[in-house]
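Structure first, then comments.
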Amino acid sequence: MKRQTYTARLVQKACISESAQCYHLEFAVDELDRFDFAAGQFISAVAADGRGKAQTRAYSIASAAQENRFDLCVNRVEGGFFSNYLCDLPEGGSVQVHGPHGNFTLRQPVTDSIFVATGTGIAPMRGFTQWLFPERGPDAGMDRSEGRQIWLVYGTRHESEIYYRDYFERLAEERENFHYVTTLSRAGDEWAGRRGYVQEHLEAIVSARGGPRQSVEETVESMGAVGAAVGAVTDTVVAVEERVAAQPLSFDIHTYICGLNNMVSAVRERLTGFGWHRKQIIFERYD
């Protein structure tokens, strides 16, 4: 079945890191009144390469839904086709897209959350925060997190590659429940902030908060106590297992990870070492 494609017109373009050749691109889908998507989803762009062969590439949307607009965050890639095609696209130029796609979205209801990203993996995190703390439209000023604690842990190599830094720093100043943590893996002597990789800065957050609590543990405890009270230990164990298996897991904190495979794997390993359940860890890899 052929996918429905739309023409996305480049409205505005800005280089947000000269050293990394990273571009912020704002598109409008003129044929639609609204281009609806859930924060964290991606679009697939389609274009013909120099040999006339159709190429398709997925890009996380770097914004929350706003009328018929969406943003992308794209790095120029040496020897690559599609990312360079988009980086070179002039304002007013267009590209065919289809979507939205993907399940890298905020779980509902929103819980305390840790967003972990490196490089252009920051794109869906910008979408998450724009949805949680909208600054435009009829919902401007709302806190859709309802006061939940939100941490963004962002890692890159050099200070010049901290994408959307001004936006996230301002958000952290304005919203007391949003915490912005940056760390550099190749920082120069002038850098006074955190150093190292993102996974190295998770323990402080998890420990300070008190760990990954989940309702299933509370269910087991309470049901076990009831069973002990009536003396039906064996029957209660069976009942606990059956009822817990039938009950959907419900957590009060999640982690959302986006970046290269090695980083995603390292963060997942660190979190499971803290006792986190795999369903608390939502991730998207782009290599």
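Couple of notes before you dig in:
- Cα gyration tensor of segment 6-101 - equivalent ellipsoid semi-axes, whole Å, descending: 20, 16, 12
- Cα-based helix-to-principal-axis angle, 165-174 vs the chain, degrees rounded to 10: 40
- Direction-averaged projected area, Cα convex hull, segment 116-199: 5.6 nm², rounded to one decimal.
- Interchain or long-range residues, amide H under 5 Å from Leu152's placed H: Phe115, His179, Tyr180, Val181
- Folded to 0 to 90 degrees: helix 233-246 orientation relative to the chain principal axis, Cα: 20
- Mean-square fluctuations from a GNM of the chain, with a 10 angstrom spring cutoff on Cα atoms, peak among Leu89, Leu25, Leu72 at Leu89.
- Distance from segment 67-83 to segment 91-137 (C-alpha centre basis), Å: 15
- Expressed in Å, the radius of gyration and Dmax of the Cα atoms of segment 81-133 are 14.8, 40.
- For the chain, averaging the sequence separation of C-alpha pairs within contact (under 8 Å, six or more residues apart) and dividing by the residue count gives a relative contact order of 16 percent.
- HN-Hα J in Hz across segment 28-45 - Karplus 6.51, -1.76, 1.60, θ = phi - 60°, x for Gly and Pro: 10, 9, 5, 6, 10, 6, 9, 10, 8, 7, 8, 3, x, 6, 10, 10, 10, 9
- Here the chain is described by how far its Cα atoms reach on the three principal axes: 75, 55, 40 Å, from widest to narrowest.
- Ranked packing of 142-148, 265-271, 49-55, most packed first, by mean Cβ within 10 Å: 265-271, 142-148, 49-55
- Karplus-based coupling profile of segment 120-137, in residue order and whole Hz: 6, x, 6, 4, x, 5, 5, x, 4, 5, 5, 6, 5, 10, x, 10, 10, x, with θ = phi - 60° in 6.51 cos²θ - 1.76 cosθ + 1.60 and x standing for Gly or Pro.
- Multiplying the residue separation of Phe81 and Glu269 by 0.36 nm and removing their Cα-Cα distance gives an extension gain of 64.3 nm.
- When +1 charges are put on Lys and Arg Cβ atoms and -1 charges on Asp and Glu Cβ atoms, the dipole computed for segment 1-103 relative to its Cα centre reaches about 420 debye.
- Cα centre as origin, Lys/Arg/Asp/Glu Cβ charges: the chain dipole, Debye: 780
- Farthest toward the positive end of the dipole of the chain, out of His277, Leu89, Ile61, is the Cα of Leu89, where the dipole comes from beta carbon charges about the Cα centre.
- The long axis of helix 215-230 is offset from the longest Cα principal axis of the chain by roughly 10 degrees.
- The slack between Asn262 and Asp166, meaning 0.36 nm per residue of separation minus the straight C-alpha distance, is 31.8 nm.
Only the coordinates and a few stated rules stand behind these numbers; no lab work does. Since this is a predicted model, take the numbers as computed values, not measurements. Using ideal geometry, Cβ is built from the backbone for each residue, glycine included, and neighbour counts are taken over all protein chains shown.
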